[in-house]
Amino acid sequence: MTLTHHISDEILLSYAAGALPEAFGVVVASHISLCDDCRARMTGFDALGGAILERETGQPVTDTQLGEMLTLIAHLPQDSAAARPSTRSATPKKLSQGQLPAPLCDYVGERLDSLPWRAVGGGVRQYVLPTKGTARARMLYIPAGTKIPDHGHGGMELTLVLQGSYHDADDSFGPGDIDIAGADTQHTPVAAENMPCICLTATDAPLRFRGLLPRVVQSFLRI
Amino acid sequence: MGKAPDSDDPDWGSVMHRIAEARDIDSFSAVFRHFAPRLTSFLMRSGATRAEAEEVTQDVMTVLWQKAHLFDPRRASLSTWIFAIARNRRIDRLRKERRPEPQEVLWGPEQADDHTEAMIMKQDTAHLTRALTELPEKQRKLIERAFFGDLSHSDIARETGLPLGTIKSRIRLALERLRHSMSQTTR
């Protein structure tokens with residue numbers, strides 16, 4: 001799969017540092033599952049975290065501390081999970097036939113067609129993921145050719161296209177692509193004409209829809 | 001600040017192997033002596049009290065004891081592996097959230113033997129540590145801050161008094177330098 005829109009260093013660094021809210025983490029982990037480029041950069045940031053840890057200094061361990069630690073583990077068995085096999089076939093990394101990235105499956109199950117969608121008006125449907133924290137992650141189903149109501153963001157919005165595609169004034173986004181919109185972005189994505197668009201979106205502040213009708217939509221979206 | 005990467009540089013892959021296979025207490029003690037002070041310091045710099053930091057350190061070392069067989073020296077350095085465990089424990093404890101993880105990449109047929117791959121990983125790790133040490137201090141400090149936890153760039157801005165734009169561009173510069181430095185020794 002050729003992806004053209006990737007996760008920024010800033011967001012990837014937050015993810016590696018463990019500072020990203022869970023809702024955004026689902027989007028990031030899902031994209032990385034599909035994207036070798038972002039996976040490689042993530043691995044680099046993890047290694048950077050390791051290097052920072054290695055450079056730390058602290059008071060040497062006392063015998064008491066070591067003794068306490070050894071008592072703690074004395075009767076703990078080894079975890080039963082098997083070691084990672086070193087040779088296996090390649091991972092299926094395709095968003096085909098309604099297949100979803102593994103990190104997303106942990107929240108919504110294996111298949112799109114069994115998802116308990118809720119209609120939010122204009123043919124648009126959503127499913128809010130059960131994540132903790134104040135940021136929200138939701139799946140959106142946008143019928144072909146349909147416009148998502150004009151909205152700006154109080155904060156960051158991170159979107160991963162799962163199926164179909166959409167475009168806004170500047171760009172177009174296909175399966176696996178990441179769309180990052182900041183607080184200052186005011187955009188009106190439109191799903192492509194040929195098929196419905198399904199995406200995963202995380203926001204850290206309520207969406208602000210413009211105009212009366214969209215505000216009704218917003219109350220339905222319950223953001 | 002840190003020790004030079006080569007001054008004490010045990011073969012952590014073998015050490016971890018002895019923990020996994022033989023439940024070797026001496027090997028575990030060596031890992032604990034090396035990493036516990038670093039972890040506690042790292043966690044305290046992330047905002048934990050000493051008591052909290054020591055508790056999380058014990059947590060992490062317990063996980064290490066139980067999951068030693070999952071450590072793969074071809075894929076990550078031990079410090080990176082421990083960093084990742086500590087990060088996830090912290091998210092779990094402080095925020096009560098879970099951390100979505102990417103799907104594992106399954107490895108294809110090996111290109112080189114395990115030992116060679118582990119050696120390459122070790123060299124890369126030493127090199128990254130050196131590159132980090134050689135960063136201008138202002139840049140390194142900001143990269144460290146970014147890794148010390150739940151701090152957004154705006155939080156760092158408040159704390160350091162630096163404008164947000166300066167922080168972002170310094171972090172960007174630091175990453176560019178690290179990448180440049182790492183590409184200089186590409187085999």
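The values are calculated or read from the model by the stated rules, or taken from the named source; none is laboratory data. Only a predicted model underlies this, so the values are computations on that prediction, with no experimental measurement involved. Neighbour counts run over all protein chains shown; Cβ positions are idealised from the backbone, glycine included. Side chains are part of the model used for accessible areas, which takes the heavy atoms of the whole protein and leaves out ligands, DNA and RNA. Shrake-Rupley method; radii C 1.70, N 1.55, O 1.52, S 1.80 Å.
Per-residue HN-Hα couplings for region A:109-116, Karplus 6.51 cos²θ - 1.76 cosθ + 1.60 at θ = phi - 60°, whole Hz, x for Gly and Pro?
For region A:109-116, the Karplus-derived couplings read x, 6, 10, 5, 6, 9, 6, x Hz, x marking Gly and Pro.
Between B:Thr133 and A:Ala40, how many nm apart are label points set 7 Å from Cα along the C-beta direction?
Taking the simple label geometry, B:Thr133 and A:Ala40 are separated by 2.8 nm.
Grab the beta carbon distance between A:Thr188 and A:Thr71, set R0 = 45 Å, and tell me the FRET efficiency rounded to 0.05.
Plugging the Cβ-Cβ distance into 1/(1 + (r/R0)^6) gives 0.15.
Relative contact order for region B:9-98: what percent, with Cα pairs under 8 Å and sequence separation of 6 or more? Before the final figure, lay out each step's value.
Numbers: 60 pairs, mean separation 28.0, N = 90.
Value for region B:9-98: 31 percent.
So how tilted is helix B:164-184 from the main axis of chain B? Cα-based, degrees 0 to 90, rounded to 10.
Rounded to the nearest ten degrees, it is 40.
Compute the helix-to-body angle for B:78-90: its Cα long axis versus the longest principal axis of chain B, expressed 0 to 90° and rounded to tens.
Helix B:78-90 sits roughly 60 degrees off the main axis of chain B.
Multiplying the sequence separation of A:His167 and A:Gln78 by 0.36 nm and subtracting their Cα-Cα distance, what value in nm do you get?
Difference between extended and current length: 26.9 nm.
Among the lysines in chain B, how many pairs, 8 or more places apart or on different chains, have alpha carbons under 18 Å apart? Each step should come with its number before you reach the end.
On the way: B:Lys3/B:Lys122; B:Lys3/B:Lys141; B:Lys138/B:Lys168; B:Lys141/B:Lys168.
Qualifying lysine pairs in chain B: 4.
Summarise the partner chain shielding of B:88-98 as one whole number: the mean count of Cβ atoms from other chains within 10 Å of each residue's Cβ.
3
Please sort A:11-24, A:32-45, B:159-172, A:167-180 by packing, taking for each peptide the average over its residues of neighbouring beta carbons within 10 angstrom, highest first.
A:11-24, A:32-45, A:167-180, B:159-172
Quick one: which bits of region A:14-42 get at least 40 Å² less accessible when the partner protein chains are in, versus the chain alone, with a 1.4 Å probe?
Correct list: A:Tyr15, A:Ala17, A:Gly18, A:Ala19, A:Glu22, A:Arg39.
Can you give the accessible area buried between chains B and A, summed over both chains, with a 1.4 Å probe, in Å² to the nearest 100?
6400
Could you compute the net charge surrounding A:Cys199? Neighbours are other residues with a C-beta less than 15 Å from the C-beta of A:Cys199; K and R count +1, D and E count -1. Please report the intermediate quantities before stating the final value.
On the way: positive: A:Arg125, A:Arg136, A:Arg138, A:Lys147; negative: A:Glu157, A:Asp168, A:Asp171, A:Asp177, A:Asp179.
My count for the surroundings of A:Cys199 gives -1.
Compute the helix-to-body angle for B:137-147: its Cα long axis versus the longest principal axis of chain B, expressed 0 to 90° and rounded to tens.
Taking Cα atoms only, the helix is inclined about 70 degrees.
Write down the accessible area per residue of region A:104-184 in Å², having rolled a 1.4 Å probe over the full set of protein chains. Don't jump to the answer; show the numbers that get you there.
Details: 3450 Å² over 81 residues.
Counting only protein heavy atoms, the per-residue value for region A:104-184 is 43 Å².
What does the helix-only formula give at 222 nm for chain B: each DSSP H stretch with n ≥ 4 adding -39500 (n - 2.57), the total divided by the residues, and the result rounded to the nearest 500 deg cm²/dmol?
-21500 deg cm²/dmol
From other protein chains only, count the Cβ atoms within 10 Å of every residue's Cβ in B:32-45, then give the mean.
Whole-number average of other-chain Cβ neighbours for B:32-45 is 5.
For B:61-73, what's the mean count of beta carbons from other chains sitting within 10 Å of each residue's beta carbon?
Mean inter-chain Cβ contacts per residue within 10 Å come to 4.
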